[in-house]
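The values are calculated or read from the model by the stated rules, or taken from the named source; none is laboratory data. None of the values given here were measured: they were computed from a predicted structure. A quick note on method: Cβ atoms are made from the backbone with ideal geometry, for glycine too, and the neighbour counts reach across all protein chains shown. Keep in mind that these areas ignore ligands, DNA and RNA; they rest on the heavy atoms of the full protein, side chains included. Shrake-Rupley method; radii C 1.70, N 1.55, O 1.52, S 1.80 Å.
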Amino acid sequence: MNAQTLCGVRILGTGSAAPEGRLTNADFEKMLDTSDEWIVQRTGIRERRVLDLDKGNGLTLAHEALQNAIDAAGIQGSEIDLVICATVTSVMTCPSTAARVAAEVGATGAAAFDVGAACSGFVYAINLADSIVRAGRAKTVAVIGVDAMTSIIDYADRTCSILFGDAAGAVILRADPNPELGCIYQHMGADGSGWHALYIPRYEKDIPACDSENKTRLGCLRMNGKEVFKFAVTKFREVIEDALAKTNLQPADISQFVCHQSNIRIIDAARERIGLDPSQVYVNIDKYGNSSAGSVPLCLDQLWRAGKITPGKPFVLVAFGGGLTWASSVWRI
Ligand code: COA
């Protein structure tokens, strides 16, 4: 397409994928000094999906989610001209997951790249995709969020390991003549000064003095739970309030707040503070845990297929995570 084409963006279809394997709180009780009661009370999580790494990885999950989205959209992979994949668990740093998945679905020749914004990754990626389509630089875009978190978890770390699971979600976007459709407001931010609250060091020398007591294995996710909790509760509320204020919308005008699933207490705190109805805030953390960049698109696909995202009311995507990063995206379909 030519640049400067003022257009809107239509969601043609969504898809998701989660492994069959489940790791329940009862399984953790056998592995670690923890209890189902502690985990449910502090996080709301009852089980998470876990890849069998001999049979699959983030790439296979991303492929399955994207193929489901392509089928739902009723298009051919060859019609896609850009693939953006949000992930922090790409099988290799090079090539990107996006390039390999594009080839798997027949989108050979499409531009493809990964976005690394941790749990905010999918919202960053869909914001970027919407902007590229509106600018006329691409017509049909696949946006994927995927993380194989269990491949970077130290299962001796009881605070971190109980939180995470594996999942992927995907969306197919296409340019539409109606400029009212698509992302009507977006915000993205980062504060790298808080990076050491959530990070994956490769070498000993990457570990800052403030985290030297942490015994988590190299190459695995390290987290300061309290720091992240404080940041998330504040930022979650701020991001939602900003999105509502900037669009002149009231909470009741929104069909669904599709929120990153990190901890039920974080979601509930923001929901209560802003006065959102529980039916407007989808929760699946009990069954999937936190799947990082997979979390928001997995929720979106489940809501989309359940008919909960409707043309009558906008919906809002909200996420925060490592970086530290945060992002929102308000959509009209
Ligand atoms: N089972 C039992 N006890 C545990 C435990 C577990 N799985 N994990 C930690 N504990 C213990 C701690 O060792 C501590 O014991 P102590 O008081 O004897 O030292 C106690 O529980 C309280 O620990 P604390 O870290 O204060 O718990 P918390 O209420 O902050 O909950 C988290 C811990 C991780 C659940 C919480 O901090 C959190 O959710 N943070 C945000 C994490 C997140 O969202 N990360 C991803 C962002 S995208």
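Given the criteria open to solvent by less than 10 Å² (accessible area, probe 1.4 Å) and either closer than 20 Å to Lys287 by Cβ or not small (Gly, Ala, Ser) (or both), does Thr24 qualify?
Numbers: open to solvent by less than 10 Å² (accessible area, probe 1.4 Å): no; either closer than 20 Å to Lys287 by Cβ or not small (Gly, Ala, Ser) (or both): yes.
No; evaluated as a whole, the condition is false for this residue.
For first residues located in segment 159-174 and farther than 15 Å from Ala86 by Cβ and more than 16 Å from the ligand (Cβ to nearest atom), partners that are at pLDDT 95 or above and of a type in the set (Lys, Arg) and lie 6+ apart or on another chain with Cβ distances below 9 Å form the pairs Arg174/Arg10; Arg174/Lys139. Considering only segment 84-95, I want to know if a residue exists there that is assigned to a strand (DSSP E or B) and either aromatic (Phe, Trp, Tyr) or open to solvent by 10 Å² or more (accessible area, probe 1.4 Å) (or both). No, there is no match, as no residue in segment 84-95 is assigned to a strand (DSSP E or B) and either aromatic (Phe, Trp, Tyr) or open to solvent by 10 Å² or more (accessible area, probe 1.4 Å) (or both). Test Phe229 against the criterion of being in contact with a helix residue (DSSP H, G or I) (Cβ under 8 Å, 6 or more places away or on another chain), away from the ligand (no atom under 16 Å from the Cβ) and among the aromatic types (Phe, Trp, Tyr), and give yes or no. Criteria not met by Phe229.
Pairing each residue of segment 234-263 that is acidic (Asp, Glu) with any residue that is open to solvent by less than 40 Å² (accessible area, probe 1.4 Å) and in a loop (DSSP other than H, G, I, E, B), provided the two are 6+ apart or on different chains, yields C-beta distances under 8 Å for Asp253/Pro314.
Residues that are within 16 Å of the ligand (Cβ to nearest atom) and within 20 Å of the chain's Cα centre (by Cα): does segment 298-313 have at least one? Checked against the condition, which is being within 16 Å of the ligand (Cβ to nearest atom) and within 20 Å of the chain's Cα centre (by Cα), segment 298-313 yields at least one hit. Within segment 32-60, being within 16 Å of the ligand (Cβ to nearest atom) and either open to solvent by 90 Å² or more (accessible area, probe 1.4 Å) or part of a loop (DSSP other than H, G, I, E, B) (or both) holds for Leu32, Asp33, Thr34, Ser35, Glu37, Trp38, Gln41, Arg42, Gly44, Ile45, Arg46. In segment 242-272, what residues are within 16 Å of the ligand (Cβ to nearest atom) and within 20 Å of Ala117 (Cβ to Cβ)? Of everything in segment 242-272, those that are within 16 Å of the ligand (Cβ to nearest atom) and within 20 Å of Ala117 (Cβ to Cβ) turn out to be Val258, Cys259, His260, Gln261, Ser262, Asn263, Ile266, Ile267, Ala270. The numbered conditions (1) touching a strand residue (DSSP E or B) at 6+ places or on another chain (Cβ under 9 Å); (2) closer than 18 Å to Ile333 by Cα; (3) not in a loop (DSSP other than H, G, I, E, B) are all true for Lys313 except (3). Counting just the residues of segment 127-152 that are open to solvent by 10 Å² or more (accessible area, probe 1.4 Å) and not polar (S, T, N, Q), which one comes out farthest from the ligand (Cβ to nearest atom)? So the residue we want is Lys139. Residues of segment 96-126 that are touching a strand residue (DSSP E or B) at 6+ places or on another chain (Cβ under 9 Å), open to solvent by less than 60 Å² (accessible area, probe 1.4 Å) and part of a loop (DSSP other than H, G, I, E, B): Ser96, Val105, Ala107, Ala110, Ala117.
Sort out which residues of segment 1-19 are at pLDDT 95 or above and either of a type in the set (Gly, Ala, Ser) or open to solvent by less than 10 Å² (accessible area, probe 1.4 Å) (or both), and write them in order of number. Working first, answer last.
Let us first name the residues in segment 1-19 that are at pLDDT 95 or above, namely 8-19.
Gly8, Val9, Gly13, Thr14, Gly15, Ser16, Ala17, Ala18, listed by residue number.
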